[in-house]
Amino acid sequence: MNADKPMRADKPENGPGDEVLENEFRAMFAERSETVRMATAPYASVRQRIAAARRKRRLRLGSAGVAFAVAAAGIGVWATVPGRHQAAVAPISKIPASGGPAKYLYADGHTEIPAGPLQQAALAWLRANYHGDLRGLTVVTTFDPGIQAAANASPGDSGVAVLDARTGAVLGLGGTWDTPMQVADLMKPIVLAAAFQTGHYTPDSKEPLDAQKHPVYWPPGSEKTPLTFVSGNQQFNWPPESPTTTIHDTDVTLTQAADSGANEPFAQLELAADMGPSGVYQLAMRMGMPKSSPDFFPVPSLVLGVPAASPLTMASVYATFNDGGVRHDPRMVGQLLAENGRNVWMPPDTFTRVLSQSTADQVTAVLHAQLLNGPTTIGVDSILAGDRSGLWAAAGAPTSEEAAWLTGGDSHYVASVGVSSKTSNGTLKPLGDDHHGGVDIGSEYAGPIWARVMGALKTRD
């Protein structure tokens with residue numbers, strides 16, 4: 001018997017592609033785990049993945065010069081292909097003709113899901129989380145028919161992921177829900193959470209807005225040399241700002257900084273003595289960002305959202321704010337039923353407290369204000385013109401404008417929308433033509449989709 005593959009007497013027949021995907025799922029969770037030991041990983045390929053990922057991180061993080069270069073250049077430029085770990089949340093390309101479940105149902109238990117992306121996503125999730133025989137079983141997914149209809153209405157290359165933050169149940173997946181894109185301003189609420197967790201900051205804490213008069217310094221001990229970047233032929237104090245951000249020599253509250261989408265106050269926060277990029281990096285991982293996410297490193301440019309992630313990942317991360325600081329692993333299946341209707345299996349709700357209740361409440365309060373004020377409202381106003389009590393959201397886009405985001409929720413649900421556009425050869429291209437990025441770009445492109453999904457969620461309960 002192959003020692004790398006635990007024997008499964010009831011393992012369903014499946015092709016080599018299914019096993020590869022299953023290994024990818026297992027590798028994703030193993031790489032993210034703080035405690036996993038390679039010796040206990042179930043497959044040789046998983047052990048190799050873990051070793052390679054950790055070796056790569058050591059090489060990348062072991063050079064201060066490289067880290068500084070990434071920080072100095074981290075002004076929103078992103079040109080990378082998705083890492084292999086992203087395949088872990090991608091649907092398989094083909095469902096086996098035999099050896100699989102008999103049918104797939106929506107969460108209502110009677111509406112059948114047609115063949116296509118949702119079946120593929122559910123099966124991929126099952127291959128990673130259920131070790132029994134799937135042949136002939138009925139899969140009752142967590143997908144909600146109404147929410148799925150709203151997610152499917154997304155135009156073009158839009159990606160939508162909707163979660164019940166209280167359980168981690170995935171209610172809807174639309175379009176490019178598994179496509180990683182630079183998260184941009186969506187990293188700032190994670191910076192806020194890391195700051196609030198220290199107990200030294202509140203939404204009313206103030207930070208400088210003008211980087212040219214109030215520079216930031218990195219690494220520690222370099223207080224005589226500000227962190228800078230070059231634009232054109234000129235050198236400026238880092239971080240860069242969107243041309244739409246009004247800069248003045250005054251301190252602003254963290255709530256005001258979030259409303260305007262300013263970078264400098266968050267850079268000051270991230271590089272403060274009681275914070276540091278490492279603190280933000282560790283918290284982001286605990287909230288659900290895989291360690292192997294593209295361009296995800298504990299360097300100053302982290303605050304600008306240089307890492308790439310999918311809408312499903314960001315929905316899962318932001319759901320931690322929603323459920324009072326408790327993170328639930330996302331799940332796509334509610335139960336498996338035998339032919340006679342007998343319940344065969346129900347997945348456990350795996351969860352852990354990541355933030356204090358106070359921190360989660362403070363972050364959602366800031367994001368509620370952001371949804372009501374400033375450029376975040378641009379793409380939402382015409383659709384959510386009524387009562388917005390309880391709603392909160394963050395918007396953003398990188399300088400390249402190759403992605404636009406709006407992610408947020410209410411007291412129960414979280415929806416993440418990421419919009420992109422691709423060339424004929426499959427590479428991302430700018431959504432606009434001014435390349436300034438920022439909150440207004442995210443809201444303009446992703447806001448209307450998010451608002452429609454949240455409208456559908458309002459009628460669910």
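Looking at the structure I just gave you, is Pro117 more than 30 Å from Trp392 (Cβ to Cβ) and either surrounded by fewer than 19 Cβ atoms within 10 Å (Cβ to Cβ) or in contact (Cβ under 8 Å) with a residue 12 or more places away in the chain (or both)?
no
So which of Thr244, Thr176, Thr228 is open to solvent by less than 60 Å² (accessible area, probe 1.4 Å) and over 23 Å from Phe297 (Cβ atoms)?
When all the criteria are applied, what remains is Thr176.
Tell me whether the stretch 318-335 contains one or more residues that are over 14 Å from Ala184 (Cα atoms), part of a helix (DSSP H, G or I), at pLDDT below 95 and not hydroxyl-bearing (Ser, Thr, Tyr).
yes
Among Thr253, Thr198, Thr228, Thr202, which is touching a strand residue (DSSP E or B) at 6+ places or on another chain (Cβ under 7 Å), among the hydroxyl-bearing types (Ser, Thr, Tyr) and modelled with pLDDT of 95 or more?
Every option except Thr253 fails the conditions.
Out of the residues in the stretch 401-416 meeting the condition of being of a type outside the set (Gly, Ala, Ser) and either closer than 16 Å to Leu173 by Cβ or part of a loop (DSSP other than H, G, I, E, B) (or both), tell me which one is most open to solvent (accessible area, probe 1.4 Å).
Restricting to residues being of a type outside the set (Gly, Ala, Ser) and either closer than 16 Å to Leu173 by Cβ or part of a loop (DSSP other than H, G, I, E, B) (or both), the top hit is His412.
Given the options Pro215, Pro219, name the one that is farther than 30 Å from Asp361 by Cβ and over 29 Å from the mean Cα position of the chain (by Cα).
So the residue among Pro215, Pro219 that is farther than 30 Å from Asp361 by Cβ and over 29 Å from the mean Cα position of the chain (by Cα) is Pro215.
Output yes when any residue across the stretch 321-329 is more than 19 Å from Phe196 (Cβ to Cβ) and surrounded by fewer than 24 Cβ atoms within 10 Å (Cβ to Cβ), and no when none is.
yes
Taking Asp204 as the residue in question, decide whether it is in contact with a Ser or Thr (Cβ under 8 Å, 6 or more places away or on another chain) and either free of Cβ contacts under 8 Å to residues at least 24 places away in the same chain or open to solvent by 20 Å² or more (accessible area, probe 1.4 Å) (or both).
yes
I need the full set of residues from the stretch 120-151 which are of a type in the set (A, V, I, L, M) and open to solvent by less than 20 Å² (accessible area, probe 1.4 Å), in order please.
Ala121, Ala122, Leu123, Ala124, Leu126, Ala128, Leu134, Leu137, Val139, Val140, Ile147, Ala151
For residues that are among the aliphatic types (A, V, I, L, M) and touching a Ser or Thr at 6+ places or on another chain (Cβ under 6 Å), scanning just the stretch 436-461, find the one that is farthest from Pro155 (Cα to Cα).
Result: Val439.
Name every residue in the stretch 419-448 that is more than 20 Å from Gly175 (Cβ to Cβ), modelled with pLDDT of 90 or more and more than 18 Å from the chain's Cα centre (by Cα), in order of residue number.
Asp440
Take the conditions under 16 Å from Ala262 (Cβ atoms), out of contact with any helix residue (DSSP H, G or I) (no Cβ under 8 Å at 6 or more places or on another chain) and not aromatic (Phe, Trp, Tyr) and apply them to Pro208. Does it pass?
no
Pick out the one residue from Ala193, Ala161 that is assigned to a helix (DSSP H, G or I) and either in contact (Cβ under 8 Å) with a residue 12 or more places away in the chain or under 21 Å from Ala308 (Cα atoms) (or both).
Ala193
Among the listed residues Leu312, Leu367, Leu371, which satisfies the condition of being assigned to a helix (DSSP H, G or I), within 30 Å of Ala102 (Cβ to Cβ) and open to solvent by less than 20 Å² (accessible area, probe 1.4 Å)?
Leu312
Within the stretch 332-360, how many residues are open to solvent by less than 40 Å² (accessible area, probe 1.4 Å) and closer than 20 Å to Gly109 by Cα?
Of the residues in the stretch 332-360, 7 are open to solvent by less than 40 Å² (accessible area, probe 1.4 Å) and closer than 20 Å to Gly109 by Cα.
Please specify each residue of the stretch 277-287 satisfying the condition of being among the small types (Gly, Ala, Ser) and free of Cβ contacts under 8 Å to residues at least 24 places away in the same chain.
Scanning the stretch 277-287 gives a single hit, Ser278.
Of the conditions (1) farther than 23 Å from Asn373 by Cβ; (2) open to solvent by less than 40 Å² (accessible area, probe 1.4 Å), Val419 clears all except one; give me its number.
(1)
The values are calculated or read from the model by the stated rules, or taken from the named source; none is laboratory data. All figures in this text were calculated on a predicted structure; none of them were measured in a lab. Cβ coordinates were reconstructed from backbone atoms using ideal geometry, including for glycine residues, and neighbour counts include every protein chain displayed. Note: areas computed on protein heavy atoms with side chains; ligands, DNA, RNA excluded. Shrake-Rupley method; radii C 1.70, N 1.55, O 1.52, S 1.80 Å.
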